[in-house]
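The values are calculated or read from the model by the stated rules, or taken from the named source; none is laboratory data. Quick caveat, the model's predicted, so the values are computed rather than measured. Heads up, the Cβs are rebuilt from the backbone with ideal geometry, glycines too, and the neighbour counts pull from every protein chain shown. Surface areas here come from the heavy atoms of the whole protein model, side chains and all, with no ligands, DNA or RNA. Shrake-Rupley method; radii C 1.70, N 1.55, O 1.52, S 1.80 Å.
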Amino acid sequence: MTVEAVIFDWGGTLTPWHDVELPDIWRRICAAHLDADQVERAATALVEAELELWRRGKDEHRSATIDELYALAGVEATEAVLATHYETWTPHTFIDPAAPPLLRELRGRGIKVGVLSNTMWSREWHERIFERDGVLGLLDGAVYSSEIPWTKPHAKAFRAAMDVVGATDPSRCVFVGDRPYDDIHGAKSTGMRAVLIPNSTVPAWETAVPDATIERLADLLAHVDAWTR
C-alpha cells in the first residue's frame, strides 16, 4: 500500500527535544517587563496557568492559546511581552538539520508532508520558525491546535491534518511524533501508521505500540519506503 502522506509533530520531533525549566523561562519573560517585586508572583501564576491548560489538553483534548494562558494567569499579554516570550523560547525551537533533506525526499516521492502540533502558539510564530529554518516551503499543510477546538490524541485533530494535506485514507498516512499517548496512540486510533522518536522525558503509554521506532529523523525514510509497495 502506497504511503500518501507523512505528518509530523513539531516539538520533540521536527525540533529535537529540549529539557527546560518552565519557571525559569517565565521568570526571564516577566523580569524583562515587570517590577522586581512582581516577577515571582506573575511567573508562578503563568506556570500554573500553562500546566493547567496542558492538563486540560491531555485529559479533555481541548485546545488553548497563548492569549488564554496569559488571561488565566492575570498577566497582560502586550506586544512587547509576547515578543520577549518568542525570543526567550527561540534557542529551543531550531529545526533538526535532518528535516529539510528528509522532507525533500518525501516530496520527491510524491508524498504529502504535513505538521500537526499540540501548541498554544499562533500559526505566525510557527511559520516564522519554519521559514527561518528552511522547511516552510516543504510543507503541504499544517494544523496547530491553537486554531482548532481539539488537541491530539483526539481523532478530529488527526483528521484535520489529513484534510489540510489532501489525504483521504488514514491507512495510507504515517504520523511521526515523540509522545506515546498524544502521537502514537492518537494516530493509531485514527487508523494511521505511527513512528515514535523517543526521548527520556515523555512518559510511556503501555497501549501505544508504534509501527516503528527511530532514533533519528534520517531513519524514517527506510520505513516509509518499506511501507510503499
Given charges at beta-carbon only (K, R positive; D, E negative), |dipole| of region 30-148 in Debye: 740
So for R0 = 22 Å, FRET eff. of Ala80-Ala36 from the Cβ-Cβ r, to 0.05, ends up at 0.80
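How much mean residue ellipticity at 222 nm does the chain get from its helices, if each DSSP H run of length 4 or more adds -39500 (n - 2.57) and you divide by all residues, to the nearest 500 deg cm²/dmol? Intermediate values should be presented prior to the final figure.
Working: 9 runs with 98 residues, N = 229.
Rounded to the nearest 500, the figure is -13000 deg cm²/dmol.
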Please state the relative contact order of the chain as a whole percent: Cα pairs under 8 Å, 6+ residues apart? 25
Please find, in a Gaussian network model of the chain (springs between Cα atoms separated by less than 10 Å), the residue of Ala36, Ala161, Ala73 whose mean-square fluctuation is greatest. Ala36
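Could you tell me what percent of the accessible area of the chain is made up of carbon and sulfur, with a 1.4 Å probe and every protein chain present?
Working: 5560 of 10640 Å².
Carbon-and-sulfur percentage of accessible area, whole number: 52.
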Give me the net charge for the shell around Ala73: Cβ to Cβ below 15 angstrom, other residues only, Lys and Arg +1, Asp and Glu -1. -3
Between region 93-108 and region 1-35, how far is it from one alpha carbon centroid to the other, in angstrom? 18
Considering the chain as a Gaussian network with a 10 Å cut-off on Cα pairs, which listed residue, Glu147, Glu124, Glu40, attains the greatest mean-square fluctuation? Glu124
With only Lys, Arg, Asp and Glu charged, each at its Cβ (+1 for the first two, -1 for the last two), find how big the charge dipole of the chain is about the Cα centre; round to the nearest 20 debye. 940
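When only C-alpha pairs under 8 Å and at least 6 residues apart count, what is the relative contact order of region 76-206, in percent? Display every interim value, and only then the final one.
Working: 172 pairs, mean separation 24.0, N = 131.
Normalised by residue count, the contact order of region 76-206 is 18 percent.
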Length released on extending from Glu147 to Glu68, taking residue separation times 0.36 nm less the Cα-Cα span: 27.2 nm
Pick out which of Asp140, Asp24, Asp182 has the largest mean-square fluctuation in a Gaussian network model of the chain, springs linking Cα atoms closer than 10 Å. Asp24
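Can you classify the chain as rounded, prolate or oblate using the Cα gyration tensor, where a ≥ b ≥ c are the square roots of its eigenvalues, rounded means a/c under 1.5, and otherwise it's prolate if a/b beats b/c and oblate if not? Walk me through the intermediate numbers first.
Working: a/c = 2.10, a/b = 1.81, b/c = 1.16.
The shape class here is prolate.
Largest first, how would Trp26, Trp10 line up by accessible area (1.4 Å probe)?
Working: Trp26 0, Trp10 30 Å².
Heavy-atom accessible area, descending, gives Trp10, Trp26.
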Under-5 Å amide H pairs with Ala194, H placed in peptide plane, nonlocal only: Phe175, Asp211, Ala212
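Sort region 152-229 into rounded, prolate or oblate with this rule: let a ≥ b ≥ c be the square roots of the eigenvalues of the Cα gyration tensor; rounded if a/c is under 1.5, and if a/c is not under 1.5, prolate when a/b is larger than b/c, oblate otherwise. Please list the in-between numbers first.
Values: a/c = 1.90, a/b = 1.13, b/c = 1.68.
Oblate.
What is the extension gain from His18 to Asn199, computed as 0.36 nm multiplied by their sequence separation minus the C-alpha to C-alpha distance, in nm to one decimal?
So the extension gain works out to 64.2 nm.
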With every protein chain kept in place and a 1.4 Å probe, region 84-229 has an accessible area per residue in Å² of 44
Amide H of Val115: which non-local residues (sequence gap of 5 or more, or other chain) have their own amide H closer than 5 Å, using H built in the peptide plane? Phe8, Gly141, Ala142, Val143
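Summing Lys, Arg as +1 and Asp, Glu as -1, what charge do residues with Cβ under 12 Å from the Cβ of Thr168 carry, Thr168 excluded? Mind showing how you got there, number by number?
Values: positive: Lys112, Arg159, Arg172; negative: Glu4, Asp163, Asp169.
Local net charge: 0.
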